[in-house]
Amino acid sequence: MKKQIRLAVNGFEYDLLVKPHWTLLQVLRDEIGHTGTKEGCGKGECGACTVIIDGEAVLACLTLAFQAQGKSILTIEGLVREGRLDSLQEAFVKHGAIQCGYCTPGMIMTSKAFLSKKPHPTEAEIKKALSGNLCRCTGYVKIIEAVRKASMTETGK
Amino acid sequence: MKMDYVNIGKRLPRVDAVVKATGEAKYAGDLSMPGMLHGKMLRSPYPHARILDIDTSAAARLTGVRTVISGNDTIGFKAGGISAQGDEPYLALDKVRFIGDAVAAVAAIDEETAAEARDLIRVEYDELPAVVDPLAAMAENAPLIHDRAPKNISFKTDLAYGDVAQAFRKCDYVREDRFETTPIRHGFIEPHAALAVWDQSGRVSFWGSKQSPYFTYRNLAKALNIPLSRVRVVQPYIGGGFGGKNEMFDVDFCAALLSQKTGKPVKIVVSQQEVLYAYRQRHPTVIDLKTGLKKDGTILALDAHIVADGGAYLSIGALSLYLMCAFFCMPYRLPNMRAKGYRVYTNTQPSCAMRGHGVPQSRQAAETQLDLAAGEMGLDPVELRLKNALKPGETTPNGFKITSCGLEESIVAAGKIIARWRREKPKDDGPTKRGIGLGCYGYTSGPRMAGHNTAGAVIKVHEDGGISLATGSTDVGQGSDTVLSQIAAEVLGVRLEDIRYGMVDSDITPLDPGTFGSRVTFITGNAVRIAAEDARGQLAEVAANALEANPHDIVFHDRKVYVVGSPERSLPFSKLVKIAQYSATGKTILGRGYWAPEGLEVVNFETGRGNMSAAYSFGTQVAEVEVDTETGTTKVTRMAMVHDCGQPLNEMLMEGQLEGSAIGGVGHTLMEEIVRRDGQTMNSSFLEYRMPTSLDACPLEILHTDTYDEIGPFGAKETGEGIQVAVVPAIVNAIHDATGVAFKRIPITSIMVLDALKDETKTGQAGIED
């Protein structure tokens, strides 16, 4: 049976009817239409579905929609402010950190949560922070570089 | 030849970078339509079985289910790389041939209902003896997987050039080794997905994650038995391919057939687990290789025997096998050679193209063996390669014509890097042993094969000076939408941001073979250049009239046109377009171009004869490793590549290609292997099938040789695919350098390293005895 819940996504509130076993990923994509959050494996192994809940990077495929009630959810769609890209998005674009783009939203959200806690990370810390997000295209070199550059220009906003 | 360009050669961001960074880019699985149904596939739990009965009644009765289909609902079309020999039905007809073979499909109102219905389908199987080992599959009494393929041989290739037997007698040094490569994954993160809409006029429209959408365009028509004119294939963004999304698959067909049966749009998105056990892989191989050299290091003869595990179906395996055999002829001079290859059916996942397509397997064997020979002969591996390196103007015995070639320059530069690295760090560091290895490669810039090869491009010029560019090629992440746009912008004298790149829509974009064999930049790039020149020619006439000059004297540069030698006689580009369009006779500026390499001898897959590409890229890869002799762990600490891709069109994108290829190669050498037991894939998840993560990334030095290809667009050739061919042997050879053990089987695990170090007598055999 579907039950009503209220989710706060990117500063907007949504009243939704969801089944108890639906994941946050399903609800974001299929009920709210935020398809920027990607499903790679659906089992918490690739990081493509990473969103930020109350400041923490979370795998939306392993989170039930019910668990996200009363919390503040930030998805890739919520990063653009007043028509301007987030500094991380800007850095990914500028430094060639994007190829096929499928892992990109998850990479950016993981990086966003990470930089908000650790504004001036070392390269080793960046690598560790990104190690749960798989990318087959880039070899990670330019992604690591983009996160490093973003941390140098503007952090944790 | 090198000019002052506005767009070419610049480090420009991708044209699709912003929409990918914001999550706005739509991939097939992101699409939905009003009234859309969801599909699920039922797959075989047996590696080999006859289907006796399929009972769909319980599934069909479930509330929310709209239809269930099986092989009985199809016309029985069988797909295959060589269409006359197609052997792969999209839904099993009489029997299943691997665990994961598609048997039935369901369409329902949502995914949960579809999954429930799928589980209600009852299939009665008669299990048949299965064969999962390619050598066993070739035995006389092995079970036959396809009736028409005796000894389960799916395809044979036999290249023989020169006098091999006599040449071996003249050699001072001959060695024979057996090498093994294991099955590995393409590893794209976006699973296969398809959305099809069959309308009542009898047309099917299709959106899917296809790197070569025109394969699907043709096969949808054939498999649904409808005219090609009733098929429309539209390309959304693609979440990586690496060769694994070339072909049309079961989900593509089933989405279309389910839509026809229900009159509703149908979407099927497969799970990553399905991708990992039911779709494609790289051909695993067993390669027996014999190489003979003169005392001075001249390679005189090579004899190779390859058994490639093709899995259950042909796929494009004939090409794969040809490539494995033919690329023994490159990148070294080889006057006498024999390469005999068998592609063998087994009851496992079908093998197909994967980054480097066939070439990584044979070059891993050849490059590893060359280092072993160098070691025993007391020759420097760098000098040995330099001595045998192909040069511009040479022709390989099978007919590859070498035009632009920076191989020698790349080996020399790599030698300097190796010397520098040796000075920088000591070889031994307590239990840590350090080693450096290298490998070389040659690769195609687009294969010329029998059948359709031409790429086309269309350019429309807008009155604000913007340009719409459409081709039939797809960008799977490699950046072709961007470099093709750079080419158009450069020819028309505008900027990259002025180009609007239109993705494939088979109703309006030009027919194209697909994204494979590193053909897009080289072949489609030339078509774009010609289309842009066509549009520029039309505009030059208008400009000549307006500026009172000869059309040949009109220069197009940075959004302006002017008369050569008189820059003050100029017009803004946008104004020129307006003049053209608004004049009494009103010109609509549409540029058209098409291109295919000319005059190449078409390759014969069975004899290997022919010249497959109008240009070949070359390069040398260097790897440094640290092997912990206490834990057996190998770490690639840095890599360098010196490569000849002609003139790079966009260095940032080129670096991204090389980096991705190199780190992927680290995974192939040290981590990745599909593990199966009796045909059952045991590691069909990213947790168990380990691919490199950010922790495996290492520093990379990227250099390119000073080469310009006369045929390539703005001098460019292949980049990013060929290098992976050399990454694996470079790492294998570095481990050999560090530990004295040459591994002949990849991936090289820490257990293999420890075993080899424990028992020095196993040296040289490690890895194939485990």
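The values are calculated or read from the model by the stated rules, or taken from the named source; none is laboratory data. From a predicted model like this one, the values you see are computed outputs, not experimental measurements. Ideal geometry is used to build each Cβ from the backbone, glycine not excepted, and the neighbour counts take in all protein chains shown.
Brief remarks on what is shown
- Test for B:Ile226: is it in contact with a Pro (Cβ under 9 Å, 6 or more places away or on another chain) and either modelled with pLDDT of 95 or more or within 14 Å of chain A (Cβ to nearest Cβ) (or both): no
- Number of positions in the range B:1-32 that are within 13 Å of another protein chain (Cβ to nearest Cβ), of a type in the set (A, V, I, L, M, F, W, C) and surrounded by fewer than 23 Cβ atoms within 10 Å (Cβ to Cβ): 4
- Selection within the range B:656-673 - β-branched (Val, Ile, Thr) and closer than 14 Å to B:Thr749 by Cβ: B:Val666, B:Thr669
- Subset tally (residues that are farther than 22 Å from B:Asp709 by Cβ and either under 28 Å from the mean Cα position of the chain (by Cα) or not in a loop (DSSP other than H, G, I, E, B) (or both)) for the range B:387-425: 13
- Of the listed requirements (1) in contact with a Gly (Cβ under 7 Å, 6 or more places away or on another chain); (2) more than 16 Å from B:Ala17 (Cβ to Cβ); (3) part of a helix (DSSP H, G or I), A:Gly132 misses just one: (3).
Conditions (1) under 24 Å from B:Gly720 (Cβ atoms); (2) within 14 Å of chain A (Cβ to nearest Cβ), marked per residue:
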| residue | (1), (2) |
| --- | --- |
| B:Val577 | no, no |
| B:Pro597 | yes, no |
| B:Val602 | no, no |
| B:Glu606 | no, no |
| B:Phe618 | yes, no |
| B:Val622 | yes, no |
| B:Glu630 | no, no |
| B:Ala640 | yes, yes |
| B:Glu655 | yes, yes |
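- Any hit, the range B:52-73, residues being on the phi < 0 side of the Ramachandran plot, of a type outside the set (A, V, I, L, M), surrounded by fewer than 17 Cβ atoms within 10 Å (Cβ to Cβ) and within 14 Å of chain A (Cβ to nearest Cβ): no
- Residues (touching a Ser or Thr at 6+ places or on another chain (Cβ under 8 Å), away from chain A (no Cβ under 14 Å) and in contact (Cβ under 8 Å) with a residue 60 or more places away in the chain) located in the range B:470-508: B:Gly472, B:Ile499, B:Tyr501, B:Val504
- Residues that are under 13 Å from A:Gly42 (Cβ atoms) and assigned to a helix (DSSP H, G or I) within the range A:2-27 comprise A:Leu24, A:Leu25, A:Gln26, listed in sequence order.
- Qualifying residue in the range B:471-494 (condition: at negative phi, surrounded by 24 or more Cβ atoms within 10 Å (Cβ to Cβ) and in a strand (DSSP E or B)): yes
- In the range A:111-129, residue nearest to A:Ser87 (Cα to Cα) [restricted to those that are more than 10 Å from every other protein chain (Cβ to nearest Cβ) and in a helix (DSSP H, G or I)]: A:Lys112
- Residues that are at the interface with chain B (Cβ under 9 Å from one of its Cβ atoms) and surrounded by fewer than 19 Cβ atoms within 10 Å (Cβ to Cβ), drawn from the range A:22-54: A:Asp30, A:Gly33, A:Lys43, A:Gly44
- Check on B:Ser583, of a type in the set (S, T, N, Q) and modelled with pLDDT under 95: yes
- The listed residues are A:Leu17, A:Leu62, A:Leu7, and the only one of them that is in contact with a strand residue (DSSP E or B) (Cβ under 8 Å, 6 or more places away or on another chain), outside the structural domain of A:Cys103 (by TED's automatic domain parsing) and within 18 Å of A:Ala113 (Cα to Cα) turns out to be A:Leu62.
- Any hit, the range B:575-591, residues being buried (at least 23 other Cβ atoms within 10 Å of the Cβ) and assigned to a helix (DSSP H, G or I): yes
- Filter pass, B:Lys427 being surrounded by fewer than 14 Cβ atoms within 10 Å (Cβ to Cβ) and more than 22 Å from B:Asn611 (Cα to Cα): yes
- Residue, nearest to B:Ala255 (Cα to Cα), within the range B:170-208, restricted to residues that are hydrophobic (A, V, I, L, M, F, W, C) and within 14 Å of chain A (Cβ to nearest Cβ): B:Leu195
- Among the criteria (1) touching a Leu at 6+ places or on another chain (Cβ under 6 Å); (2) more than 14 Å from chain A (Cβ to nearest Cβ); (3) buried (at least 23 other Cβ atoms within 10 Å of the Cβ), the one B:Lys744 does not fulfil is (1).
- All conditions in (1) surrounded by fewer than 17 Cβ atoms within 10 Å (Cβ to Cβ); (2) within 36 Å of the chain's Cα centre (by Cα); (3) in a loop (DSSP other than H, G, I, E, B) hold for B:Pro47, with the sole exception of (1).
- Unique match (being under 30 Å from A:Cys137 (Cα atoms), modelled with pLDDT of 95 or more and over 31 Å from the mean Cα position of the chain (by Cα)) among B:Asp628, B:Asp644: B:Asp628
- The range B:685-727, subset within 14 Å of chain A (Cβ to nearest Cβ), of a type in the set (Gly, Ala, Ser) and crowded, with 24+ Cβ neighbours inside 10 Å, residue nearest to B:Asp101 (Cα to Cα): B:Gly720
- Conditions (1) within 14 Å of another protein chain (Cβ to nearest Cβ); (2) more than 15 Å from B:Ser480 (Cα to Cα); (3) part of a loop (DSSP other than H, G, I, E, B): number failed by B:Glu673: (1)
- Scan of the range A:74-109 for residues that are more than 10 Å from every other protein chain (Cβ to nearest Cβ) and either buried (at least 24 other Cβ atoms within 10 Å of the Cβ) or in a helix (DSSP H, G or I) (or both), ordered by number: A:Ser87
- Test for B:Ala104: is it crowded, with 20+ Cβ neighbours inside 10 Å and more than 14 Å from every other protein chain (Cβ to nearest Cβ): yes
- B:Val555 vs. criteria part of a strand (DSSP E or B) and of a type in the set (A, V, I, L, M): yes
- Positions within the range B:107-143 being part of a helix (DSSP H, G or I), surrounded by fewer than 24 Cβ atoms within 10 Å (Cβ to Cβ) and more than 32 Å from the chain's Cα centre (by Cα), in sequence order: B:Glu112, B:Thr113, B:Ala115, B:Glu116, B:Arg118, B:Asp119, B:Leu120
- Extreme residue, surrounded by the fewest Cβ atoms within 10 Å (Cβ to Cβ), among residues of the range B:236-282 that are among the polar types (S, T, N, Q) and more than 14 Å from chain A (Cβ to nearest Cβ): B:Thr262
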